[in-house]
Amino acid sequence: MLAIFLKTLPFFALIGVGYWAGRTRFFTEEATAYLTKFVFYFALSAMLFRFSANLSLAEVLDWPLVWAYLWGTAAAYGVASVVGYLRGLDVPTVAVEAQCGAIGNTGFLGVPMLALLMGEQAIGPVMLVLAVDLIVFSSLIVILITGAREGRMSLGIFKTLGLGLLKNPMIVAISSGLIWSALEIPIPAPTNEFLAILGGAATPGALFAIGASLASKSAERISVALWLSFCKLGLHPLFVAIAAIYLFPVDPYSAGVIVAAAALPVAGNVYILAQHYGVAPHRVSASILFSTTISVATVPAVIAWVTAL
């Protein structure tokens, strides 16, 4: 446990440096937005393309692994939804809270950290987790909020979803890389070096951006934020573990990777969606702040547990 904690410490230290920079206004919110845009559209995309171009589709598309992660995530999503309905919340707010309870920061934190801590073999399962989150659950929240507000489902919703996926640089990078791999075209040495240099900025840039963005997060609705943090950091990895071990048995290593990915704190893009639709942005903000802070202790514990299996 201590060894894993010490290995994760540099990652959270980078988040801490970013938080300090944002809190002291050395890094303004505008600067954080531009850094996030650089990481999202350039550095992380280069990293994901390079990773996926060196994988085969068979290495990524493991159906039992898909079902295990999908079932575990849906279970956490369902628990958060039921609790929201019992509290008398409307559908859009329930959808946002459920997203907090089930969707982790896989892109900015999970890809670089788990690849380094659990080995390059973790890249395939982590990208599968990222794809399920983006394609299934990021689409679900849009459907629920838009459908509830319009009072019906329309083809326009699905057109918006399709365009959103096609414009998402992470989906584009992973898909392009897998296509490149399938065509068995070697990446030219200068291109590979370019991708390595650009992709190398993803880890420090993403972690710094997470910290700087946390500095602007509020701590309102603390009891709700703590409940959603518990759902994300505790229930989500537990449900994924049950699914991967008992319901859709997969090999222990892959199961460990998706459980570790499920233990990550609430994703920053949940706040972007909440702010865009004007649904409970403050409680999402607080959930991201609390879950990221608590994960300094919980993520090393989960990684230590799954690597010991």
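Select from segment 18-32 the residues that are part of a helix (DSSP H, G or I) and either of a type in the set (D, E) or crowded, with 16+ Cβ neighbours inside 10 Å (or both) and list them in ascending order.
Residues of segment 18-32 that are part of a helix (DSSP H, G or I), as a first pass: 18-23, 29-32.
Answer for segment 18-32, where residues must be part of a helix (DSSP H, G or I) and either of a type in the set (D, E) or crowded, with 16+ Cβ neighbours inside 10 Å (or both): G18, Y19, A21, G22, E29, E30, T32.
Write out, first by first residue and then by second, each pair whose Cβ atoms fall under 8 Å of each other, whose residues are 6+ apart or on separate chains, and whose first residue, in segment 259-287, is under 21 Å from L226 (Cβ atoms) while the second is acidic (D, E) and part of a loop (DSSP other than H, G, I, E, B).
Filtered contacts from segment 259-287: H282/E220; R283/E220; S285/E220; A286/E220.
Here are the criteria: (1) touching a strand residue (DSSP E or B) at 6+ places or on another chain (Cβ under 8 Å); (2) aliphatic (A, V, I, L, M); (3) under 13 Å from Q99 (Cα atoms). Tell me which single one L273 does not satisfy.
Unmet for L273, out of (1) touching a strand residue (DSSP E or B) at 6+ places or on another chain (Cβ under 8 Å); (2) aliphatic (A, V, I, L, M); (3) under 13 Å from Q99 (Cα atoms): (1).
Select from segment 170-217 the residues that are more than 16 Å from V39 (Cβ to Cβ) and of a type in the set (S, T, Y) and write down the one among them that is modelled with the lowest pLDDT.
Across segment 170-217, the extreme among qualifying residues is S216.
What are the pairs with Cβ atoms under 8 angstrom where one residue, in segment 217-243, is more than 11 Å from W71 (Cα to Cα) and crowded, with 24+ Cβ neighbours inside 10 Å and the other, located anywhere, is at pLDDT below 95 and of a type in the set (D, E, K, R)? Sequence gap at least six, or different chains.
Close Cβ pairs (under 8 Å, with a partner that is at pLDDT below 95 and of a type in the set (D, E, K, R)) amount to A225/R283; L228/R283.
Looking at segment 100-117, can you tell me whether even one residue there is of a type in the set (S, T, N, Q), at pLDDT below 90 and either farther than 20 Å from V270 by Cβ or within 15 Å of the chain's Cα centre (by Cα) (or both)?
No.
Considering segment 4-15 alone, what residues qualify as being in contact (Cβ under 8 Å) with a residue 40 or more places away in the chain and more than 19 Å from the chain's Cα centre (by Cα)?
Initially, segment 4-15 is screened for residues in contact (Cβ under 8 Å) with a residue 40 or more places away in the chain, giving 4-5, 7-8, 11-12, 14-15.
Selection gives I4, F5, K7.
The values are calculated or read from the model by the stated rules, or taken from the named source; none is laboratory data. All values derive from a computational prediction rather than experimental measurement. Neighbour counts are summed over all protein chains in view; Cβ atoms, including those assigned to glycine, are modelled from backbone coordinates with ideal geometry.
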